[in-house]
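Let me begin by presenting the structure, written as structure tokens, before commenting on it.
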Amino acid sequence: MILFFRYIWVLLLVPVLFCLYLVVLFGLIRFGEQLDVRESDNAVLELASRIAYWDVPDLHVALAHYDRERASLGQDVALQRQWLESSRYHWDMASQLRPLWPYYQLGAFNAEVTLGSSTEVIQARFDQVAVLSKNERGADRSLFELGFAVWPQLRRDQQDWLVGRMVSSVWPQTVAFAFEKAELHDVKGVVCIRLPWSFAQKHCKQKGTWLKQSRSLF
């Protein structure tokens, strides 16, 4: 019994050290997230990656964000592609760890849209995002921004799903944002035609020749 009490401090020290390790690991992740994005590696996030003994979703997310942002800064096309592919990889890893969280799939979708992925890849990713985002209205803006950017690559049912998402939105600002993105990518006309008249007459005022142009897209 005396021997037990003499070494009980060792048993108590283990959880303390583990908690300290978690503090250091997540402290590095949070600090690394605050650093300015450069074309060089994020040394703090890389250090966190080296000391992580298991896959940490937050670390993958931080690395995914960093790679996506530095891809927008670089001039080397090959490096840009490498960083975008790395970003997609980290989003996919985070999604595997938290499979029901739609925003990780949205991040991967963003990378694929920027990479100019094939129609099959875009459609498959959109299906994943749509299923996970069914009841997550916070994902709407990203869905509209990315969905309208690749509108020609989407299947008809996927396009209709996106249009239906606009109709079911209860936030006027989000609907306005959707129309802005549709107009930016020259698909506002066809979107307006597919909207219910009660909705379209409020948001789709005839401007120039968009209605005539949209008939050829429809």
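The values are calculated or read from the model by the stated rules, or taken from the named source; none is laboratory data. Note that this is a predicted model, so its numbers are computed, not measured. With ideal geometry, Cβ positions are generated from the backbone for all residues, glycine too; neighbour counts draw on all protein chains shown.
Overview of results
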{"quantity": "Residues within region 69-100 that are of a type in the set (A, V, I, L, M, F, W, C) and either on the phi > 0 side of the Ramachandran plot or in contact (Cβ under 8 Å) with a residue 40 or more places away in the chain (or both), tallied", "calculated": "3"}
{"quantity": "Helices (runs of 4 or more DSSP H) completely within region 155-209 that count 2 or more residues being among the polar types (S, T, N, Q) and touching a residue at least 12 places away in the same chain (Cβ under 8 Å)", "calculated": "156-168"}
{"quantity": "Among (1) at pLDDT 95 or above; (2) surrounded by fewer than 12 Cβ atoms within 10 Å (Cβ to Cβ) - the single one ARG215 does not satisfy", "calculated": "(1)"}
